Amino acid sequence: MSMSPQHKSLSVWLEGVGAWTPELPDWPTLRDWLRGAPAPGVEAVDKPRPTVLSASARRRAPRSVLAAVDVASQAVAMTHRDASRVPSLFATAQGDSGIVDSICATLATHPGELSPTRFHNSVHNAAAGYWTMATGCHAASSALTAFGYTFAAGLLEAASTAHAQSTPLLMVSYDVPGCGPLTEILATKTPFACALLVAAERSERAVARADIQLVRHVERDALAGRAGQLAANNVSARGIGLLQSLALRRSGVLYLQVAPQIDLKICMEHHP
Amino acid sequence: MATSLHPSVTPLAVSACTVTSALGQGKATHVEGMHTMQSGLHANDFSLTPLTCHIGRVEGLEHIELPGDHKMWDCRNNRLGWLALQQDGFRDAVVGARQRYGSERMAVLAGTSAGSIGSTEDGYRRLESGRLPEDIRWPSIHCLHSLGAFLAAALELTGPAMTVSTACSSSAKVFAMAERMIRCGLIDAAVVGGVESLCHSVLHGFNSLQLVSDEACRPFDVERNGISIGEGAGLALLERVESATGAPRLLGWGESSDAWHMTAPHPDGLGAELAIREALDNGGLDAGMVDYINLHGTGTRNNDAVEARLVDRMFPDSVRASSTKGYTGHTLGAAGAVEAVLTLLALQQDLVPGNLGCRTPEVACARHLALETRARHVCVALTNSFGFGGNNVCLAFAKGSATA
């Protein structure tokens, strides 16, 4: 299946997981739901309130950033690693399209009234900025995007960086629905955020190993069931198959499309 | 010699590169502009409402037509990307590499800050019953990845394609990503670069932060008062050194976060220093081996004061330094790649570009700052890129012969 003999497989150890949706506010809840448990039935929460952010940062940060920072905190907490020493990568197809909507609406009518806070919150690396400030982290942070392949692109870059630099790395993927005229052309209809702490070397923190390889793209059936629902409504949730594998502790192979003509082939192996 | 943090960082050949900015199209116009110290900046004739400032505008983008099969990508940013691909034989060099490696073994790693948002702004000015107008009602020109996806399509490359957007360091980070991916064996070569085009959100956005100068920017001048926004594109083809032994090399890179403020640099340049030290360390360099530094030098009070003090405490007198933003303006997400190419030109042409716009330099950088363009042997050069969110990158380049 691999495209040529040079296509190496990169192995990463998954150490920590975070997740958030308005109805499933953390990884243990999403995990149990993916295993078949009923949704907790608590009232949906429009946006999380990550305590790692200062009160003023929580007020200023847009919903996309709150979601990203919340899942990042969950994943790091699970590993007991020092967040200030872990490089981070934030993958999001759209960043915060609600802010883009508001900026473009202001520019169309009163361009001189653009809010400086909205403007700096609109940068694609806003979440990386808030996260590194909140954790006092001076390690590298990045932000990338790749249309519907954003989660897979983030995972590939995370694996590449973790290996090349022999470092654990925090990867976050998140998208929130926009508002206004952009809404109808964007794929994300419901909010979703998840985080994975990956490492190039095995430690006692590892819960699973993922062997990642680039292979030629093959059309496959969409995910069914609950995981499929999430993936259909949020670009960042297209990586949900990997979270499902973690939830079900199911070893095996899954594929995530990473570019128009290539997939990531991911062999998952779980550890006691 | 410094101890390497990442001893396995392997130099890469920059086997082709090109730059397009307000100074002109292609490398030769930039060499000429730097020699004669001509600025590409002029009074703002872009914004629809009056805004007193200078801009770096690439002439003729309004008249560029993308070929029929690329119409879905048509927007100012991708037109600039397309124009850049045609310069300096860059596209032919990529075709050659594609034939050697296979299209799926090459990545496209692009950097931009605002990307194609100009299309979205345009749509909001002429909504049709609350909807984007029908002629631009599709996602491929309203998402940041428009750039990376378009470049991959235009170059017929089918490997990993991503768009990095970390504000003004975006297209410097892609050089580091390419080095890591090649070292891991994921790909054999990469097209890296950045494209940023003029749009209203950045003009008014930086203006709302009171960071835009009312005149042409004057990096490191004691009287500087802000940036001049420019549009531009820088592109490079990176592959293993064995494939192009005479080509200049990417020796090292460093990346860091300030963890300080969303829009202001750390007052002591802490993150910037970490990035520079890492680039030196993993390039196997020490500060005294550097001949030229292309500074971030935006022209804001804060950035230049911090960067001037940093260079002062880190580098010996022998090092020459300048900002080239007086020529091109601040090309934001494209600045990393545009200035990487200008740095490569300094290496290839043995010239140190003068810091255009500065008459009286900040005291802290007076001993390093090159006020006039001069011929000088340049073997090793750095380029700094610092972005909002405290995102810092430093790249280290060298002549092909320096590490042979």
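Values quoted throughout were computed directly from the atomic coordinates according to the rules given, and no laboratory measurement underlies them. Just so it is clear, the structure is predicted and the values come from calculations on it, not from any experiment. Note: ideal-geometry Cβ built from the backbone for every residue, glycine included; neighbour counts use all protein chains shown.
For B:A28 and B:V222, what is the calculated FRET efficiency with R₀ set at 41 Å and r taken between the beta-carbons, to the nearest 0.05?
With a Förster radius of 41 Å, E is 0.75.
Helix A:63-79 versus the longest principal axis of chain A: what angle, 0 to 90°, nearest 10, using Cα atoms?
Helix A:63-79 sits at roughly 40 degrees to that axis.
Using the 10 angstrom Cβ neighbour count as an exposure proxy, how do A:D221, A:D263 rank, fewest first?
A:D221, A:D263
Hey, got the Cα dimensions of segment A:165-272 along the principal axes, in Å, largest first?
48, 29, 28
Positive end of the dipole of the protein assembly as shown, charges at C-beta (+1 Lys, Arg; -1 Asp, Glu), about the Cα centre: which of B:P50, B:V108, B:L127 has its Cα farthest in that direction?
B:V108
What is the average number of partner chain Cβ atoms found within 10 Å of a Cβ in B:151-159?
Mean partner-chain Cβ count within 10 Å for B:151-159: 2.
Grab the other residues whose beta carbon is less than 11 angstrom from that of B:G232, score K and R as +1, D and E as -1, and report the net.
-1
Once the cut-off is 27 Å, how many percent of the Cα-Cα pairs in segment B:1-157 end up in the long-distance tail?
In whole percent, the long-distance tail amounts to 38.
Could you please rank A:L114, B:L356, placing first whichever residue has the fewest other Cβ atoms within 10 Å of its Cβ?
Fewest-to-most ranking of A:L114, B:L356: A:L114, B:L356.
Taking a 18 Å limit on the Cα-Cα distance, which of the listed pairs B:K27/B:K325; A:K189/B:K71; A:K189/A:K265 fall beyond it?
Pairs exceeding the cut-off: A:K189/B:K71; A:K189/A:K265.
When N counts the residues of segment B:28-94, how does its alpha-carbon radius of gyration compare numerically with 2.2 N^0.38 Å, as a ratio?
Relative to the rule-of-thumb radius for its length, segment B:28-94 sits at 1.38.
If you find the alpha carbon centre of segment A:113-180 and of segment A:9-46, how far apart are they in angstrom?
Each part's Cα centre sits 20 Å from the other's.
Between 0 and 90 degrees, rounded to the nearest ten: what's the tilt of helix A:97-109 against the longest Cα principal axis of chain A?
Helix A:97-109 sits at roughly 30 degrees to that axis.
Pick out which of A:A152, A:A93, A:A37 has the largest mean-square fluctuation in a Gaussian network model of chain A, springs linking Cα atoms closer than 10 Å.
Per the Cα network of chain A with a 10 Å cutoff, A:A37 tops the list.
Could you please state, rounded to a whole Å, how far the C-alpha centre of segment A:86-104 is from the C-alpha centre of segment B:90-157?
Result: 17 Å between the Cα centres.
How would A:F90, B:F315, B:F220 line up from fewest to most surrounding beta-carbon atoms within 10 angstrom?
B:F315, B:F220, A:F90
Please report how far the C-alpha centroid of segment B:297-363 lies from that of segment B:186-220, rounded to the nearest whole angstrom.
15 Å
For the protein assembly as shown, with equal point scatterers placed on the C-alpha atoms only and solvent neglected, what are the log10 I(q)/I(0) values from the Debye formula at q = 0.11 1/Å, to two decimals?
-1.04
What net charge is computed for the residues neighbouring B:H204, neighbours being all others with C-beta under 13 Å from the C-beta of B:H204, Lys and Arg scored +1, Asp and Glu -1?
After counting each charged neighbour, the total is -1.
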